[in-house]
Amino acid sequence: MSDKKASNAMWGGRFASGPAAIMEAINASIGFDKKLYAQDIRGSIAHSEMLAETGIIEEKDQEKIAHGLNTILKEIESGKFEFSTRLEDIHMNVEARLAELIGPAAGRLHTARSRNDQVAVDFRLWVKDEFHRVAEALKGLIEAFLKRAEEHAATVMPGFTHLQTAQPVTFGHHCMAYVEMFARDLSRVRDAIERMDESPLGAAALAGTGFPIDRFRTAKALGFREPTRNSLDSVSDRDYALEFLAIAAISATHLSRLAEEIVIWSTPQFGFVRLSDSFSTGSSIMPQKKNPDAAELVRAKTGRVNGHLIGLLTVMKGLPLTYSKDMQEDKEAVFDAAETLDLMLAAMTGMVGDMQVNEAAMKKAAGSGYSTATDLADWLVRTLGLPFREAHHVTGRAVALAESKKVGLEKLTLEDLRSIHDGITADIFSVLSVQNSVKSRTSFGGTAPAEVRRQIRYWKKRIAKA
């Protein structure tokens, strides 16, 4: 066997040219970081303008650079730009094309910066832009829930603990629980934007630069609050990416909990909601079935988003200051999580917006499982002055009697109830219906329709300002 054949056998058919091909494949990031093209060009234009304003490069060179970069932007957006894995990443691909377009002036662009701070500012800009997109998507989902909550502020349904019927609530109140969840996600997004709103551009490789650059000028030009304050941390920080993934994972978890409820609610056994054809599929063999595939896929994609968070935490956990090539593994995780979360939010907003609510099925289920037992116990405490533990015991006996008679608590006679405690009066029946139960829960944040409507008004005003 010739040496060349031996080499090919060693490296395998995919890398027929040997170690050089393997190194190019493992080192290149252009396959995914080309997604940063707009941010890279934006950062380069801001950098070149600052270099010209500070006298580091001549104005005529800056004009050539800006014109060349805008030309490249148009080429990429029109699909005419040819990306090369040989040039490794988006930065070198843009820089090489710039040199072809404007000649030696292109070489002045990289003055007083490094690919280390360049990628840090590009990625920060991208994550910040994506945070704003997520914020708008979350607002859309919250508004969809507010609309359904307003429609069903008084629609009675069972509230659950351990997935067992616990107490009656309203569907509007249940919807408002998700408003609270996704509003917390929105607040985390806002907090994260505030925390990451600093520009690393000008930190150079790791130690700053001796050129008289104006980092405050480039920070402002790129829409950041201010420049970062430590050059070492500037090029090695990926907290903003981790925070994006953490927020995405929490939000995806909320979406998954909602998806699980939709899957359960849409079964014939529950029948609480019916999804539109837009978010369901049929069975290939059973014509009667309508499968909640969109909800199931939202539930499943949560594992994908969570996995990206763990993956990047693991990449970053052992890195010494400052930059290491390991950090090249940060982008695919964030890009995929962002795309996945965008899709999940859009799908769930659609499902919430157009699902049909079966009020009759909800009301019927709300009265099952002796859901007003707590109301009976509360009445015994309020009206007869019983200690709650004694009232709990009396109520337990009433439930047992109802079970033996195979009726609901409200169907027991006054004689039945007085056989358990002779202080009970006919007034007890005012609290045993599910409608009266929910109306009585008037504490702040409770399920009483009036309180639900108050919370809807509050959140409408708050979201309008978000």
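The values are calculated or read from the model by the stated rules, or taken from the named source; none is laboratory data. This is a predicted model, so every value here is computed, not measured. FYI the Cβ positions are ideal-geometry reconstructions off the backbone, even for glycines, and counts take in every protein chain you see. SASA here: full protein model, heavy atoms, side chains in, ligands and nucleic acids out. Shrake-Rupley method; radii C 1.70, N 1.55, O 1.52, S 1.80 Å.
Summary of values
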| quantity | calculated |
| --- | --- |
| Tally of residues being over 14 Å from L242 (Cβ atoms) and within 12 Å of the chain's Cα centre (by Cα) across the range 306-348 | 9 |
| Residue selected from the range 23-82 under the condition without any contact (Cβ under 8 Å) to a residue 40 or more places away in the chain, small (G, A, S) and assigned to a helix (DSSP H, G or I), by the criterion farthest from G202 (Cα to Cα) | S78 |
| Flag if E136 is farther than 23 Å from V434 by Cα, open to solvent by 10 Å² or more (accessible area, probe 1.4 Å) and part of a helix (DSSP H, G or I) | yes |
| I463 vs. criteria part of a helix (DSSP H, G or I) and at pLDDT below 90 | no |
| Any hit, the range 255-270, residues being open to solvent by 30 Å² or more (accessible area, probe 1.4 Å), among the small types (G, A, S) and touching a residue at least 12 places away in the same chain (Cβ under 8 Å) | yes |
| Positions within the range 353-364 being surrounded by fewer than 21 Cβ atoms within 10 Å (Cβ to Cβ) and assigned to a helix (DSSP H, G or I), in sequence order | G353, D354, E359, A360, A361, K363, K364 |
| Count of the range 420-443 residues which are closer than 15 Å to L380 by Cα and in contact with a helix residue (DSSP H, G or I) (Cβ under 8 Å, 6 or more places away or on another chain) | 14 |
| Residue among A294, A241, A246 that alone is out of contact with any strand residue (DSSP E or B) (no Cβ under 8 Å at 6 or more places or on another chain), assigned to a helix (DSSP H, G or I) and under 17 Å from A347 (Cα atoms) | A294 |
| Residues being among the small types (G, A, S) and crowded, with 21+ Cβ neighbours inside 10 Å - total across the range 114-133 | 1 |
| Residue list for the range 298-324, filter: in a helix (DSSP H, G or I) and in contact (Cβ under 8 Å) with a residue 24 or more places away in the chain | V298, R299, K301, T302, R304, V305, N306, H308, L309, L312, L313, M316 |
| Filter result (surrounded by 21 or more Cβ atoms within 10 Å (Cβ to Cβ) and either under 11 Å from H91 (Cα atoms) or hydroxyl-bearing (S, T, Y) (or both)) within the range 42-61 | G43, S44, S48 |
| Selection count where residues are open to solvent by 30 Å² or more (accessible area, probe 1.4 Å) and at pLDDT below 95, scope the range 144-165 | 6 |
| Among residues of the range 411-432, those that are surrounded by fewer than 19 Cβ atoms within 10 Å (Cβ to Cβ) and either part of a loop (DSSP other than H, G, I, E, B) or not hydroxyl-bearing (S, T, Y) (or both), counted | 15 |
| The range 86-110 residues that are in the same structural domain as K64 (by the TED database) and part of a helix (DSSP H, G or I), paired with ones that are surrounded by 22 or more Cβ atoms within 10 Å (Cβ to Cβ) and among the polar types (S, T, N, Q) (beta carbon under 6 Å, 6 or more apart) | L87/N93; H91/Q118 |
| Filtered residue count, the range 178-214, keeping only those that are without any contact (Cβ under 8 Å) to a residue 40 or more places away in the chain, in a helix (DSSP H, G or I) and open to solvent by less than 50 Å² (accessible area, probe 1.4 Å) | 1 |
